Amino acid sequence: MKTNVTVKNKQLKARIIRSIASSTAIETGQSIKELEATLKSKNSKFKNLPLAK
């Protein structure tokens with residue numbers, strides 16, 4: 001059971017990141033892949049902020 005929940009949480013987080021990246025790309029004209037990489041980066045300046053649920 002725990003593994004299934006963990007997988008679902010990872011999938012949800014990936015979808016949220018993709019959504020944020022795509023929305024930002026539309027507004028700024030940047031690449032979605034570039035924005036996703038920035039959001040997933042361990043060096044992100046916003047690393048300590050949790051995503052909304």
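Tell me which residues, restricted to region 28-45, are surrounded by 10 or more Cβ atoms within 10 Å (Cβ to Cβ) and modelled with pLDDT of 90 or more.
To start, the set of residues in region 28-45 that are surrounded by 10 or more Cβ atoms within 10 Å (Cβ to Cβ) comprises 30-41, 44.
Listed by number, the residues that qualify are Q30, S31, I32, K33, E34, L35, E36, A37.
Is it the case, given these coordinates, that E27 is in contact with a helix residue (DSSP H, G or I) (Cβ under 9 Å, 6 or more places away or on another chain) and assigned to a helix (DSSP H, G or I)? Talk me through it step by step, then tell me what you get.
Numbers: in contact with a helix residue (DSSP H, G or I) (Cβ under 9 Å, 6 or more places away or on another chain): no; assigned to a helix (DSSP H, G or I): yes.
Judged against the criteria, E27 is not a match.
Can you tell me which of N48, N9 is exposed (fewer than 10 other Cβ atoms within 10 Å of the Cβ) and either of a type outside the set (V, I, T) or part of a loop (DSSP other than H, G, I, E, B) (or both)? So that I can check it myself, show each step before the final result.
Working: N9 fails: exposed (fewer than 10 other Cβ atoms within 10 Å of the Cβ).
Answer to the selection: N48.
Taking A25 and the conditions (1) within 10 Å of the chain's Cα centre (by Cα); (2) among the aliphatic types (A, V, I, L, M); (3) at pLDDT 90 or above, which numbered condition does it fall short on, given that it satisfies the others?
Going through the list (1) within 10 Å of the chain's Cα centre (by Cα); (2) among the aliphatic types (A, V, I, L, M); (3) at pLDDT 90 or above, A25 breaks only (1).
The values are calculated or read from the model by the stated rules, or taken from the named source; none is laboratory data. All of these numbers come straight from a predicted model, not from anything done at the bench. Quick reminder, even Gly has a Cβ in these numbers, built from the backbone with ideal geometry, and neighbours come from all protein chains shown.
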